[in-house]
């Protein structure tokens, strides 16, 4: 299957700082990328959907000014957690899909964020 | 809205035992159904899928049948191996409503002992 990478795989930051997480599709063009958040022993919760070249669509309850998403190219999307706080500590996972609506999503390995 | 409910884990089995992980769903449209597997330290991988009622998805000895009448998509395997130890997520995608994003169940951890 197609490969999606995330960088960094883990990050520790101080409260109040901003952290950027990258999601890359390595061998295909991703017209749509999704950002999920996973709390310990819980399921993945969709945060936002981004289509290349347009603004992201955020799920209800997700602050768009806090979680900035940029999908500037067909192979790269970034999630920036601004002014991070300890409650933002979580496992962030991206997925990428190409072309038509029924095309499979491919998941990145995730990024563990710890805010001190 | 859409939702997925799957049995809580962990599920602990001996090698070669029969596995069933229950999954039921609610959806407003006609969803596609998926099982994803997450091995330790790795990202989610698609295990199998079914896109319409009565379809059976299968892969690596795992099977699941899309049952519209019971809104279920239970995962089964006849003989599990230690290497099957992982977390399994049931998910749906309601593309018919224009929503590609996946709705996940809470995940079920499977531990297979030698």
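General remarks:
- Being within 14 Å of residue A:6 (Cβ to Cβ), at pLDDT 95 or above and either within 11 Å of another protein chain (Cβ to nearest Cβ) or surrounded by fewer than 17 Cβ atoms within 10 Å (Cβ to Cβ) (or both) is a property that residue A:111 has.
Yes/no per residue for (1) within 10 Å of the chain's Cα centre (by Cα); (2) away from chain B (no Cβ under 14 Å):
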{"site": "A:4", "(1), (2)": "no, no"}
{"site": "A:13", "(1), (2)": "no, yes"}
{"site": "A:16", "(1), (2)": "no, yes"}
{"site": "A:22", "(1), (2)": "yes, yes"}
{"site": "A:38", "(1), (2)": "no, no"}
{"site": "A:41", "(1), (2)": "no, no"}
{"site": "A:64", "(1), (2)": "no, yes"}
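- Every residue from region B:46-80 that is part of a strand (DSSP E or B), within 14 Å of chain A (Cβ to nearest Cβ) and more than 11 Å from the chain's Cα centre (by Cα): B:59
- The set of residues in region B:81-113 that are outside any strand (DSSP E or B) and within 12 Å of chain A (Cβ to nearest Cβ) comprises B:94, B:95, B:96, B:97, B:98, B:99, B:100, B:101, B:105, B:106, B:107.
- Residue check for residue A:72: out of contact with any helix residue (DSSP H, G or I) (no Cβ under 6 Å at 6 or more places or on another chain) and surrounded by 13 or more Cβ atoms within 10 Å (Cβ to Cβ): no
- Lone qualifier among A:106, A:67 - being modelled with pLDDT of 95 or more and touching a strand residue (DSSP E or B) at 6+ places or on another chain (Cβ under 8 Å): A:67
The values are calculated or read from the model by the stated rules, or taken from the named source; none is laboratory data. This one's a predicted model, so the numbers in the text were calculated from it and none came from an experiment. In this analysis, Cβ positions are derived from the backbone assuming ideal geometry, glycine residues included, and neighbour counts consider all displayed protein chains.
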